[in-house]
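*Asks:* Can you keep this structure in mind? I'll have questions shortly.
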Amino acid sequence: MNFKIIKSYAKVNLSLGVTGRLKSGYHKIESLISFLNLHDEIKIKKITNKNHKIQFFGKFSKGIKKKNTISELLKILDRKNILNNQKYLIKVKKNIPQKAGLGGGSMNASAIIRFFISKKTLNFSKKNLIRLTRQIGLDVQLGINNKNKILYSNGKLVTSIKKIRLFVIIIKPKFGCSTKKIYRSVRSYSSKKLTIYKKDHFNFINILKLQNDLEKVVFKYHPKLKQVKSFMEVLPNIQFARMTGSGSSLLGYFLSKNSAINGAKLFKKKYKNYWCIASKTI
């Protein structure tokens with residue numbers, strides 16, 4: 001049997017507000033979520049082995065543990081006998097950096113769930129599908145489709161029909177950020193900016209007014225990143241620069257492909273030790 005090739009796209013938080021804390025210890029967050037054409041490539045096929053085989057390779061594969069989002073997904077599906085004892089060989093080329101706020105691992109699990117849905121192997125109700133994704137990780141449900149989404153502070157996740165065309169540069173330092181550590185360090189909360197009554201959250205002017213509340217926490221641990229953001233903010237034709245997720249990646253947003261490519265060149269000239277590529281929203 002030939003491999004089926006799946007693209008697992010990076011997610012990006014165009015904004016992220018921390019509006020409070022739940023009794024469970026998790027934070028209330030609101031966010032505008034989009035996807036980039038930067039993607040991991042997943043190859044999957046049926047095998048006759050007794051166990052699944054998962055292989056990671058590529059630039060950002062180093063350090064991925066045996067227990068990961070894909071292994072957890074397969075374990076749950078096996079336990080529920082969803083796969084009818086069928087085993088799979090899964091090869092993942094990691095093009096998305098880890099601990100970057102780009103949801104690489106979560107989106108890998110999402111992409112494989114999409115694959116099983118397309119093959120009618122998985123036929124869950126929406127409620128049970130969300131329950132499945134949450135057993136793996138809170139971000140996994142974001143990638144069940146690659147459409148823009150609005151996460152409200154009450155936990156409601158809404159898919160938006162609005163598309164936004166932006167060109168970006170993605171930069172990442174050699175270090176990553178621990179999501180748990182960053183959220184644990186949040187000491188203040190912001191007021192809600194995203195309301196269910198507002199129709200057009202993905203209006204560009206609206207996005208400009210928003211921010212990522214976790215930046216101040218990350219910049220406290222990594223003041224160098226604040227300097228990097230300041231440099232990005234004066235690149236020619238940049239609209240704004242903002243961290244995604246809990247970092248450590250920063251994104252610069254442009255309105256044209258050439259501006260983003262030029263911005264990436266200028267950034268690499270200044271910060272030679274940082275990973276930097278041009279990309280775009282999908």
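Just so it is clear, none of the values below were taken in a lab; they were calculated from the coordinates. The structure presented is a predicted model; accordingly, all values stated were derived computationally and were not measured. Don't worry about glycine lacking a Cβ; one is built from the backbone with ideal geometry, like all the others, and counts go over all protein chains shown.
*Asks:* Rounded to the nearest Å, what's the spacing between the alpha carbon centres of the range 70-107 and the range 34-63? Just the number, please.
*Replies:* 8
*Asks:* Apply the Karplus curve 6.51 cos²θ - 1.76 cosθ + 1.60, θ = phi - 60°, to the phi angles in the range 161-168 and return the couplings in whole Hz, x for Gly and Pro.
*Replies:* Computed from phi, the couplings for the range 161-168 are 7, 6, 9, 10, 9, 9, 9, 9 Hz.
*Asks:* Relative contact order for the range 183-282: what is it in percent, counting Cα pairs under 8 Å that are at least 6 residues apart?
*Replies:* Reported as a whole number, the value is 18 percent.
*Asks:* Which net charge results for the neighbourhood of residue 86, defined as the other residues with beta-carbon distances under 12 angstrom from its beta-carbon, given Lys and Arg at +1 and Asp and Glu at -1? It would help to have the intermediate numbers written out before the result.
*Replies:* Numbers: positive: 45, 46, 50, 87, 119; negative: 78.
Around residue 86, the charge tally is +4.
*Asks:* Taking amide hydrogens as modeled 1.01 Å from N in the peptide plane, which residues meet the under 5 Å criterion relative to residue 248, leaving out close sequence neighbours?
*Replies:* Hits under the 5 Å cutoff: 100, 101, 177.
*Asks:* At residue 231 and residue 61, where each label point lies 7 Å from the Cα along Cα→Cβ, what is the point-to-point distance in nanometres?
*Replies:* In this crude label model, residue 231 to residue 61 measures out at 3.1 nm.
*Asks:* For the chain, what is the mean residue ellipticity at 222 nm derived from helices alone (per DSSP H run of n ≥ 4: -39500 (n - 2.57); sum divided by total residues; nearest 500 deg cm²/dmol)? Walk me through the numbers before you get to the answer.
*Replies:* Working: 8 runs with 80 residues, N = 282.
Estimated from H runs of four or more residues: -8500 deg cm²/dmol.
*Asks:* Related question: What list do you get for 248, 256, 153 if you sort them by fewest beta carbons within 10 Å? Please list the in-between numbers first.
*Replies:* Numbers: 248 25, 256 12, 153 21.
Result, fewest neighbours first: 256, 153, 248.
*Asks:* How would the range 162-280 be classified by its alpha-carbon gyration tensor: rounded, prolate or oblate, with rounded meaning a/c under 1.5 and the a/b versus b/c comparison settling the rest? Walk me through the intermediate numbers first.
*Replies:* Values: a/c = 2.21, a/b = 1.09, b/c = 2.04.
In terms of gyration-tensor shape, oblate.
*Asks:* Also, I was wondering about something else. Which whole-Hz couplings ³J(HN,Hα) result when phi for each residue of the range 94-100 is put into the Karplus expression 6.51 cos²θ - 1.76 cosθ + 1.60, θ = phi - 60°, listed in order with x for Gly and Pro?
*Replies:* With the stated coefficients, the range 94-100 comes to 8, 9, 9, x, 7, 6, 10 Hz.
*Asks:* Could you give each residue of the range 17-22 its phi-based ³J(HN,Hα) in whole Hz, using Karplus coefficients 6.51, -1.76, 1.60 with θ = phi - 60°, and x for Gly or Pro?
*Replies:* So the J values, rounded to whole Hz, are x, 9, 10, x, 9, 8.
*Asks:* Given H placed 1.01 Å from N in the peptide plane, which residues other than close sequence neighbours of residue 277 have an amide H under 5 Å from its amide H?
*Replies:* Answer set, sorted by chain and number: 170.
*Asks:* While we're on this one: What number, in percent, do you get for the relative contact order of the chain if the mean sequence gap of Cα pairs under 8 Å and at least 6 apart is divided by its residue count? Provide the component values of the computation, followed by the final result.
*Replies:* Details: 554 pairs, mean separation 68.9, N = 282.
Across the chain, relative contact order equals 24 percent.
*Asks:* Something else now. I need the calculated FRET efficiency for the pair residue 272 and residue 190, taking r as the beta carbon distance and R₀ as 35 Å, to the nearest 0.05. Walk me through the intermediate numbers first.
*Replies:* Numbers: r = 35 Å, r/R0 = 1.01.
Working from the Cβ atoms, E equals 0.50.
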